[in-house]
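The values are calculated or read from the model by the stated rules, or taken from the named source; none is laboratory data. Quick caveat, the model's predicted, so the values are computed rather than measured. Neighbour counts run over all protein chains shown; Cβ positions are idealised from the backbone, glycine included.
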Amino acid sequence: MIRPPAPRCSRRGLIGFPVGSGGRGTCGRLILSALCAAIFSGCSPPSSAPPPDAKPLTGRQIFLAKCVVCHLADGKGVPNLYPSLTSSPRLSGPPEKLVRIMLLGLKGPQIRNGTTFNGMMPSWRFDLTDSQIADVLNDVIARWSPGTRALPLDLVTAMRRQTASEKLFPTPEEVDGK
Ligand code: HEC
C-alpha cells in the first residue's frame, strides 16, 4: 500500500485538489505524491547532465585537435608536404621564431631532412589564446626537444602585440631574418 507523503506535503498538495474516496482517492494520492516529490526535490538539474567543462585543454589535447591533421600524431609529418616536428631545428632555436610561426603562419620553400617543403602552415592567432599557443608549443618542445627550456606565456603575449600589424604567412627567410 502506498502511503501518502509527509503531512505537510499532503496538506499543501490537497489544496485545490479534492481527493475522493475509493479508487479515485488512491489515484489522487499517487498524483499528489509525485507532485510533492517534484516540489520538494528542488530545482537541481537532472543528474545525467554533464558537469560544466571548466578545465582548460592541455597542450597535448590542443596538438591532437589542431596539429595532427598535418604533422601527424607522432609529429613526423608527411614527406614533401608537412615537415617533421620531431627533427625540426626550430624547436631548440630561438623561441621567438616558433611563436612567430604560430601567430603568423609560414609559407615558402625550406629544406628539412634533405627535402624541400613548400606548403602553408596556418596562422593560429585567431584560433588559439596566448596560453594555448604556449601550451601546445611546450608540449611539442618537451616531447621532441627534451633538453630545451619551456617558453614562457608572456613571450607569446608580447609577440602577439609585436606582430599585430605584420602580414600573415611570412616566408622562412623572413622569419629567420627577424
Ligand atoms: C594545414 C596543415 C598544418 C597544420 C594544421 C599545422 N601545420 Fe605546422 N606546418 C605546416 C607546413 C606546411 C609547414 C611548413 C611550411 C613551410 O615550410 O613553408 C609547417 C611548419 C611548422 C613549424 C615549423 C617547422 C620548421 O622546421 O620550420 C612548426 C613549429 C609547426 N608547423 C607547428 C605546428 C603546430 C604546433 C600546429 C598545431 C597548432 C601546426 N603546426 C599545425 C602545416 C600545418
*under 20 Å from Thr129 (Cβ atoms), at pLDDT 95 or above and touching a strand residue (DSSP E or B) at 6+ places or on another chain (Cβ under 7 Å): does that describe Gly59?*
no
*Just to be sure, is Arg112 touching a residue at least 12 places away in the same chain (Cβ under 8 Å), surrounded by 12 or more Cβ atoms within 10 Å (Cβ to Cβ) and either over 23 Å from the mean Cα position of the chain (by Cα) or not assigned by TED's automatic domain parsing to the domain that holds Pro172 (or both)?*
yes
*Considering residues of the stretch 55-70 that are basic (Lys, Arg) and more than 20 Å from Met120 (Cβ to Cβ) only, the residue farthest from the ligand (Cβ to nearest atom)*: Lys55
*Could you tell me which of the residues Pro83, Pro146, Pro152 is under 24 Å from Gln61 (Cα atoms) and buried (at least 19 other Cβ atoms within 10 Å of the Cβ)?*
Pro83
_Listing of helices (runs of 4 or more DSSP H) fully contained in the stretch 80-178 that carry 1 or more residues being within 10 Å of the ligand (Cβ to nearest atom) and either more than 21 Å from Val69 (Cα to Cα) or touching a helix residue (DSSP H, G or I) at 6+ places or on another chain (Cβ under 8 Å) (or both)_ = 95-104, 130-144, 172-177
